[in-house]
Amino acid sequence: MTGRVEGKVAFITGAARGQGRSHAVTLAREGADIIAVDIAAQIASVPYPMATPEDLAQTVKEVEATGRRIVATQADVRDYDAVKAALDEGVAQLGRLDIVSANAGIVSYGRAEDLDEQTWRDVIDVNLTGEWHAAKAAIPHLRAAGGGSMILTSSDAGLKPLQNLAHYVSAKHGVIGLMRTLALELAPDFIRVNALAPTTVDTPMVMNEATYRLFRPDLDNPTAEDMAEASRATNVLPIAWVEPVEISNALLFLASDEARYITGVALPVDAGQAIK
């Protein structure tokens, strides 16, 4: 099938690279215009290089290569006014809003007792409050369009506990609760709200030294190859991680009319990790 979201407009946070870029390109290939937001800057507590303005420009280039339009803005999802302004401007240029992918996220690691205050706040503020900001800014536009599909990015960490990730697990569990509440509140407006719960995904947020050390603390200088064995052990299917497009394909389904009666669901795309 092609054109599964033809003529629709999608708002994506964290769009500069990783899952966000994959979502933007996948939806564009299926006919959607894109409103893209990313901080494209570093947050001090994050232990890996974050996206840059050049990354966001690359997303613009890849979306435009599909023949679709894109409005891209640097904005921090922790700043509601900035998110709202970026989205409002995108809707003014593209005419409507039908799909929301609240995808921006960060990760850092440490035992709950050892996390400092700022590290905790940064993860909660980006991964949970940032998704609420995206949803809040989008709701009036989705109502104006007569309904739509909102997809929040959670994680298997939103379905089960994981050590060394108390702040991330708390945020991602919170995303599931936010999704379910929004699904109830917005159903009368025919706005569907669901969540994705990925396993480990091959993105810069994961493929970096900090994550390699988390999975392989027994090694002095672990690599992705070293992490693979330990990561594979977390999944039921015998794979170490999934590619961003696998998550994008699930998002495309939830955004499309094929899922028009699906709401309030947390969909694992996780090689079975949630049941292990």
Seminar exercise, completed: Rounded to whole angstrom, the alpha-carbon centroid of segment 1-23 lies from that of segment 65-110 at a distance of 11 Å
For this session: Over segment 53-203, average the accessible area per residue using a 1.4 Å probe and give it in Å², no decimals.
Result: 41 Å²
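Dipole magnitude of segment 79-149 about its Cα centre, charges +1 at Lys/Arg Cβ and -1 at Asp/Glu Cβ only, in debye to the nearest 20? Could the numbers behind the result be given before it?
Values: 6 positive and 12 negative charges, 98 e Å.
Roughly 480 debye, rounded to the nearest 20.
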Exercise. Toward the positive end of the charge dipole of segment 145-276, about the Cα centre and with charges on Cβ (Lys, Arg +1; Asp, Glu -1), which of Thr263, Ala228, Pro217 goes farthest?
Worked result: Thr263
Exercise. Relative to the first principal axis of the alpha-carbon coordinates of the chain, what is the inclination of helix 130-144, with its axis defined by its Cα atoms, in degrees from 0 to 90 and to the nearest 10?
Worked result: 20 degrees
Exercise. If you place +1 on the Cβ of every Lys and Arg, -1 on the Cβ of every Asp and Glu, and leave all else neutral, what size is the dipole of the chain about its Cα centre, to the nearest 20 Debye?
Worked result: 800 debye
Problem set entry | 23 Å Cα cut-off, lysine pairs counted over the chain (separation 8 or more, or different chains) | 9
For this session: Taking the dipole about the Cα centre of segment 1-72, with the C-beta of Lys and Arg at +1 and of Asp and Glu at -1, give me whichever of Pro53, Ala65, Thr26 is farthest to the positive side.
Result: Thr26
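From the square roots a ≥ b ≥ c of the eigenvalues of the alpha-carbon gyration tensor of segment 102-236, which class results: rounded (a/c under 1.5), prolate (a/b over b/c), or oblate?
Details: a/c = 2.69, a/b = 2.07, b/c = 1.30.
Here segment 102-236 falls in the prolate category.
As a check on your grasp of the helix formula, calculate [θ] at 222 nm for the chain: sum -39500 (n - 2.57) over DSSP H runs of n ≥ 4, divide by the residue count, round to the nearest 500. Mind dumping the intermediate values first?
Details: 9 runs with 111 residues, N = 276.
Counting only the DSSP helices, I get -12500 deg cm²/dmol.
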Exercise. Under a Cβ-Cβ cut-off of 12 Å, what is the net charge of the residues other than Ala75 that fall near it, where Lys and Arg count +1 and Asp and Glu count -1?
Worked result: -4
Exercise. With contacts defined as alpha carbon pairs under 8 Å and 6 or more residues apart, what's the relative contact order of the chain in percent?
Worked result: 19 percent
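Need one number for segment 31-190: average projected area of the convex hull over its C-alpha atoms, nm².
Over every viewing direction, the Cα hull of segment 31-190 projects on average to 9.7 nm².
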Exercise. On the accessible surface of segment 117-276, probed at 1.4 Å, how many percent belong to carbon and sulfur atoms?
Worked result: 57 percent
For this session: Could you work out how far the C-alpha centroid of segment 138-161 sits from that of segment 197-214, in angstrom?
Result: 23 Å
For this session: Considering Cα pairs under 8 angstrom that are at least six residues apart, work out the relative contact order of segment 147-276 and quote it in whole percent.
Result: 32 percent
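The values are calculated or read from the model by the stated rules, or taken from the named source; none is laboratory data. Nothing here was measured: the structure is a model prediction, and the numbers come from that model. We place every Cβ from the backbone using ideal geometry, glycine too, and count neighbours over all the protein chains shown. When the accessible area is computed, the model is the full protein with side chains, heavy atoms only, and any ligands, DNA or RNA have been set aside. Shrake-Rupley method; radii C 1.70, N 1.55, O 1.52, S 1.80 Å.
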